[in-house]
Amino acid sequence: MNIIFASVQGEALKKLPKMNTWVQYQMEMMRSLRHVNIDHLHVGWYQSTYYGSFVTRALLDSQFSYQHAIEESVVLIYDPIKTAQGSLSLKAYRLTPKLMEVCKEKDFSPEALKKANIAYENMFEEVPIVIKNSYLINVMLWELEKKSAVADRHELLSLASSNHLGKSLQLLMDRVDEMSQDIVKYNTYLRNVSKQQQQKHQYQQRRQQENIQRQSRGEPPLPEEDINKLFKPPQPPPRMESLLIAGQINTYCQNIKEFNAQNLGKLFMAQALQDYNN
């Protein structure tokens, strides 16, 4: 699948000012692509994110809508902060078939997710990306490279650590706190279920003993009652939010791992150069 032109779509479009102007621009751009005989089919959307913060319910709902209508639909995730540090951050994702089935049923209960064998590792599948530029763009990039300052070229070799790591760790801690709160809610639900099961068992025992006493007195037993109406089961908390938080935590950990690997590589290189000069 070739992606020629990417425009803002989904929830990101609603946050932009003058939305009608953006919609007209997209339609005009697709019309222009059609006039020059270039593929102009709508095959997805893209989202700009910071520090890899894209695993959200809004992205899940938007991608499900696109993928449900267009099976080949993908979402492009672009991180401008990571790209500004010299590492192009552009990835494409799709929802896995298992998650698509769960979203169609709209049942995110623990039992449904367990039955579908859904975990944060198999919610999204990454689609490989190959970037190809035209000859004119390559010439322009070559001209821009010649005009760039020498200091800008050597910025990537700086040993000073940026605030990228600190910000990523802060976001990671926030998500861990959210996960902890969600675990507390789920444990409360399990305690309520266990307490209700005990109450139901005690109620059944009392009725059984009372029926035995009534039978000994020659009285008819008590009428049967629907115990589920007397003890309504508590509603289980939705588990999809927990999966999304776990997926976002995993993304933060991968970003921190890549960032530290680059910094350690520069430190080892600097140490080797210093030992060589000495």
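Here, each number is a calculation from the coordinates, and none is a lab measurement. On a predicted model such as this, the values are computed, not experimentally measured, just so you know. Heads up, the Cβs are rebuilt from the backbone with ideal geometry, glycines too, and the neighbour counts pull from every protein chain shown.
Starting from 0.36 nm per residue, how many nanometres of slack lie between ASN163 and GLN235 once their C-alpha separation is accounted for?
21.7 nm
Express the C-alpha Rg of the stretch 161-278 as a ratio against the empirical globular expectation 2.2 N^0.38 Å, rounded to two decimals.
Compactness ratio reported: 2.21.
Say each of MET179 and GLN213 gets a label point 7 Å from the Cα, pointing the same way as Cα to Cβ; how far apart are those two points in nm?
A separation of 5.3 nm, rounded to one decimal place.
For a label point 7 Å from the Cα of VAL127 along Cα→C-beta, name the residues of the stretch 66-100 whose backbone N is under 12 Å from it.
66-68, 70-77, 91-96
Which of the peptides 71-81, 130-140 is most tightly packed, and how do the rest follow, judged by the mean count of other Cβ atoms within 10 Å per residue?
Descending packing order for the listed peptides: 71-81, 130-140.
Given R₀ = 35 Å, FRET efficiency for ARG31-TYR135 by Cβ-Cβ distance, to 0.05?
Efficiency for this residue pair is about 0.90.
Ranked highest first by average number of other Cβ atoms within 10 Å, how do 235-242, 58-65 line up?
Packing proxy ranking, top to bottom: 58-65, 235-242.
Rank by packing, highest mean first: peptides 91-99, 198-206, with packing defined as the count of other Cβ atoms within 10 Å averaged across residues.
So the peptides 91-99, 198-206, ranked by packing, come out 91-99, 198-206.
How long are the three semi-axes of the equivalent ellipsoid of the stretch 71-123, in whole Å, if each is the root of 5 times an eigenvalue of the C-alpha gyration tensor, listed from largest down?
With the √(5λ) rule applied to the stretch 71-123, the semi-axes are 31, 12, 8 Å.
Hey, what do the phi angles of the stretch 204-220 turn into as Karplus ³J(HN,Hα) couplings, whole Hz, using 6.51/-1.76/1.60 and θ = phi - 60°, x for Gly and Pro?
After applying 6.51 cos²θ - 1.76 cosθ + 1.60, I find 5, 5, 4, 5, 5, 5, 5, 5, 5, 5, 5, 5, 5, 8, x, 9, x Hz.
For the stretch 191-230, what is the convex hull volume of the alpha-carbon atoms per residue, in Å³?
Each residue corresponds to 45 Å³ of Cα convex hull volume.
Provide the gained length on full extension for the span PHE268 to LYS106, in nm with one decimal, where the gain is 0.36 nm per separating residue minus the Cα-Cα distance.
53.2 nm
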